[in-house]
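The block underneath contains the structure these notes are about, expressed in structure tokens.
The values are calculated or read from the model by the stated rules, or taken from the named source; none is laboratory data. Fair warning: this is a prediction, and the values are worked out from it, not measured in the lab. A quick note on method: Cβ atoms are made from the backbone with ideal geometry, for glycine too, and the neighbour counts reach across all protein chains shown. Ligands, DNA and RNA are stripped out before the accessible areas are found, and what is left, the full protein with its side chains, is counted by its heavy atoms. Shrake-Rupley method; radii C 1.70, N 1.55, O 1.52, S 1.80 Å.
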Amino acid sequence: MSEAPQGYQGFIQSGPDEATYMRGIVLFGENTASYKFALTRALLDLAEQQYTSVTLHELAPHFAGHILRHVRAGKVQGTMRSSVFLDAAQAHLDGQMNLEEFHAVTAQHAFRYVLDLYHRLPGGESSVQFYVQERKPRRLVLTDELLSLSADQRGQLTHETEARWHLVEHAWTQTREGHREARRIAFDSSSEELVLVPWRHQTRKALTKFRPALSGYQKGRCFYCFAEVDLNDTVLSHVDHFFPWSLGFRLTDTDLNGVWNLVLACAECNAGPGGKFDAIPDRRFLERLHRRNSYLIDSHHPLRESLMRETGGSAQERWTFLYRLWERLREWQSRSWNGRPTSGRPF
Ligand SMILES: [Zn+2]
């Protein structure tokens, strides 16, 4: 197996641009509340509107608007027992506090920790920062790194942040409701959603759209050729089964619809001239899949639990699982696919 760094370190080291660091914060940063997601959305809004600095009172409505959308949906927004700010959000939704008052509470209480902690990543501060805090007067100066994100990058990051937010608030909601054992999350191919696999007598619950939930870990690029994929264009971006779905009938013990086996690919790699179709990818792609899965594991709940349950608790076990499956399926399907020319930086 290649010696490329696994997990978060590998994620940052390969192709580190501004968008990679923002993805690092969204996918890998520590968080006990959803504030990081709301702040990301607010920063992207401000960049789009070409702000170069904001006071906390100017930041508050942007931040609060995103939080309100999620609180309104009834999902738990953090692991802490109580929060002045989240209580105020609920009071506003219940008609007990007007919007102006809620924005004042936001400016006063919501930013106490998140502004200091936002750029903190596993292993230290992000070397790319999206704002600088000034104390007197208190305001954020938005950096060139934030303002230089392209409209396409901002769009991708917006979708990815929402998808990540949905998954994390789902995990918190489960914990709050006392489900100690993490339940399995799977891909529903008809709706292209990540779904919670139900206990008996329960209905399948859709968690979030699959493409944006996955694309951050591939930095918005095709798994095979690294071309940028447009999440909104289902003709040009495909959800691809790494081990072909058509071989699933050979396996009684392995579900090829597991997230560990699914990647985003461009239309040409998936089914264009010289594309993959039902072939098994070359071994170098197997190593890439292992690395991609290690990003998902390092990103913590809730996909991590499903991946570990399905493919192994340690990196070595997960590699052995993939490699054995690769060898086994190649007995049935010896044609392997060596990819198309790459067109972009690796992820
Ligand atoms: Zn491709």
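At q = 0.17, 0.24, 0.28, 0.30 Å⁻¹ the log10 of I(q)/I(0) for segment 237-295 amounts to -0.56, -1.09, -1.32, -1.37, computed by Debye summation with a single uniform scatterer per C-alpha, solvent ignored.
When the GluC sites (Glu not before Pro) in segment 1-98 are filtered for DSSP coil states and for at most 14 other beta-carbon atoms within 10 Å of their beta-carbon, the remaining sites are E3, E30.
Remark: spin-label model distance D94-W245 equals 4.6 nm, labels positioned 7 Å along the Cα→Cβ axis. Since only Q133, Y113, G15 are under comparison, the one whose Cα sits farthest along the positive direction of the charge dipole of segment 7-147, derived from C-beta charges on Lys, Arg, Asp and Glu, is Y113.
For segment 301-347, the square roots of the Cα gyration tensor eigenvalues, ordered a ≥ b ≥ c, give a/c of at least 1.5 with a/b no greater than b/c, which places it in the oblate category. Between E58 and S127, the FRET efficiency from the beta-carbon distance, with R0 = 25 Å, is close to 0.40.
Accessible surface for the chain, divided over its residues, is 46 Å² per residue with a 1.4 Å probe. Note on segment 7-147: with charges restricted to the Cβ of Lys and Arg (+1) and Asp and Glu (-1), its dipole about the Cα centre is near 360 debye. Pairs of Lys residues in the chain, spaced 8 or more positions apart or belonging to different chains, with C-alpha separations under 29 angstrom: 12 in total. Each Cα pair under 8 Å and six or more residues apart adds its sequence gap; the mean of these over the residue count of the chain is a relative contact order of 18 percent. Across segment 152-197, how large is the tail of the calculated P(r) beyond 18 Å, expressed as a percent of all Cα pairs? Here the long-distance tail beyond 18 Å is 42 percent of all Cα pairs in segment 152-197. In segment 184-337, carbon and sulfur make up what percent of the accessible area (probe 1.4 Å)? It is 49 percent, rounded to a whole number.
Taking a ≥ b ≥ c as the square roots of the eigenvalues of the alpha-carbon gyration tensor, segment 189-347 is classed rounded because a/c is under 1.5.
Counting only DSSP H runs of at least 4 residues, each contributing -39500 (n - 2.57), and dividing by the residue count of the chain, the helix-based mean residue ellipticity at 222 nm comes to -14000 deg cm²/dmol. Membrane-span-like helices in the chain, defined purely by DSSP H runs whose alpha carbon atoms cover 30 Å or more axially and whose average Kyte-Doolittle hydropathy reaches 0.5, do not occur. Carbon-plus-sulfur accessible fraction, segment 7-147 (probe radius 1.4 Å, protein heavy atoms only): 47%. Using DSSP to call loops (not H, G, I, E or B), can you name the chymotrypsin sites (Phe, Trp or Tyr not before Pro) in segment 183-272 whose Cβ has at most 13 other Cβ atoms within 10 angstrom? Passing both the DSSP loop test and the Cβ count: W199. Does segment 26-86 classify as rounded, prolate or oblate by the C-alpha gyration tensor (a ≥ b ≥ c root eigenvalues; a/c under 1.5 gives rounded; else a/b over b/c gives prolate, otherwise oblate)? In terms of gyration-tensor shape, prolate.
Cα centroids of segment 72-123 and segment 196-263: 33 Å apart. Between segment 279-347 and segment 144-190, how far is it from one alpha carbon centroid to the other, in angstrom? If you average the Cα positions of each part, the centres end up 22 Å apart. When you filter the trypsin sites (Lys or Arg not before Pro) in segment 74-164 for DSSP loop state and at most 10 other Cβ atoms inside 10 Å of their Cβ, you are left with R81, R135. Its Cα centre serving as origin, segment 204-347 has a Cβ charge dipole (Lys and Arg +1, Asp and Glu -1) of approximately 160 debye. Simple point charges give the picture: +1 on the Cβ of Lys and Arg, -1 on the Cβ of Asp and Glu, and for the chain a dipole about the Cα centre of about 740 debye.
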